[in-house]
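Inspection log for the structure reproduced underneath, given as structure tokens.
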Amino acid sequence: RSDPEVLAYLKAEHAYSEAALSHTAQLQHSLYQEILQSLPAQPIAVPTRRNGYWYDSHYEAGAEYPVHTRRREVPDASLEILLSEEELAADAVYFELGGYAVSPDNRLLAYTVDTRGRGLYELRVRDIGTGRELADVLYGVEPYLAWANDNQTLFYVHQDPVTLAGNRVFRHRLGTAQQNDVLVYEE
């Protein structure tokens with residue numbers, strides 16, 4: 001990642017491909033837009049039922065990223081948008097949603113995102129009712145997570161910043177700093 005020869009080679013390859021394909025830039029853009037417009041809004045998978053809600057993910061027409069929603073298991077329940085990946089990715093050069101989980105009391109949503117393309121995720125927490133992001137942001141985590149039954153504790157796997165291997169499970173209490181998280185298991 002830091003070898004000057006490797007970095008110079010990669011930059012030269014990138015510059016070459018950009019130059020070689022520069023005459024097709026408009027065509028590439030047009031084809032991409034045409035493909036996006038031809039995709040109808042569609043579900044990604046069959047809706048699933050969990051803890052009194054139906055959860056669904058779908059693409060809106062022309063969108064590059066999906067929307068994740070839920071609806072209560074009652075007649076005429078309104079649709080709640082949990083995450084719009086399109087909105088989360090709006091200012092990012094790269095974006096990938098890792099995973100997400102709703103707290104057992106259905107009030108909080110924890111989710112992981114990678115905005116650098118290295119597989120190093122950030123864990124964020126959102127109040128579903130207000131849409132407000134909590135101050136808790138955990139860095140260098142694997143994409144998956146789990147809530148404890150107290151609705152205040154998250155379990156996550158921390159990644160080694162050099163190897164990107166996840167080998168330590170931590171417990172995080174909402175409202176506390178990541179450096180105070182408790183090591184639960186180390187492989």
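Among 159, 28, 37, the largest mean-square fluctuation in a Gaussian network model of the chain (Cα springs under 10 Å) belongs to 28.
Normalised by 2.2 N^0.38 Å, where N counts its residues, the alpha-carbon radius of gyration of region 1-110 equals 1.53. Relative contact order of region 132-187: 28 percent, from C-alpha pairs under 8 Å at least 6 residues apart in sequence.
Can you give the FRET efficiency to the nearest 0.05 for residue 182 and residue 122, using r as the Cβ-Cβ distance and R₀ = 22 Å? With a Förster radius of 22 Å, E is 0.65. In region 7-155, Cα pairs under 8 Å separated by at least six residues give a relative contact order of 12 percent. Ranked from largest to smallest solvent-accessible area, with a 1.4 Å probe on the protein heavy atoms, 64, 87 come out as 87, 64. GNM remark for the chain: springs join alpha carbons under 10 Å apart, and the peak mean-square fluctuation among 17, 103, 57 falls on 17.
Mind checking region 94-130 for chymotrypsin sites (Phe, Trp or Tyr not before Pro) that DSSP puts in a loop (not H, G, I, E or B) and that have at most 12 other Cβ atoms within 10 Å? Here the sparse-neighbourhood loop sites are 94. In this simple spin-label approximation, residue 48 and residue 93 carry label points 7 Å from Cα along the Cα→Cβ vector, and these lie 3.4 nm apart. Comparing mean-square fluctuations of 76, 105, 91 from a GNM of the chain with C-alpha springs under 10 Å, the top value falls on 76. Using a 1.4 angstrom probe on heavy atoms only, work out the carbon and sulfur share of the accessible area of region 66-172 in %. That fraction is 50 percent. Taking every protein chain into account, the accessible area of the chain amounts to 64 square angstrom per residue (probe 1.4 Å). Label zone of residue 150 (point 7 Å out along Cα→Cβ, amide N under 17 Å): in region 168-186 this covers 170-185.
Summarising the strand pairing of the chain, around 100 percent of its internal DSSP beta bridges are antiparallel. Once the trypsin sites (Lys or Arg not before Pro) in DSSP loops with at most 10 neighbouring Cβ atoms within 10 Å are cut out of the chain, the longest remaining piece is 2-131. From helices alone, the chain scores -6000 deg cm²/dmol at 222 nm; the rule is -39500 (n - 2.57) for each run of n ≥ 4 DSSP H residues, then divide by the residue total.
Label sites at residue 5 and residue 80, each approximated as a point 7 angstrom past Cα along Cα to Cβ, lie 5.6 nm apart.
The values are calculated or read from the model by the stated rules, or taken from the named source; none is laboratory data. Keep in mind the model is a prediction, meaning the values are calculated, not measured. Virtual Cβ from ideal backbone geometry, glycine too; neighbours counted across all protein chains shown. Remember, those area values only see protein heavy atoms, side chains included, never the ligands or the DNA or RNA. Shrake-Rupley method; radii C 1.70, N 1.55, O 1.52, S 1.80 Å.
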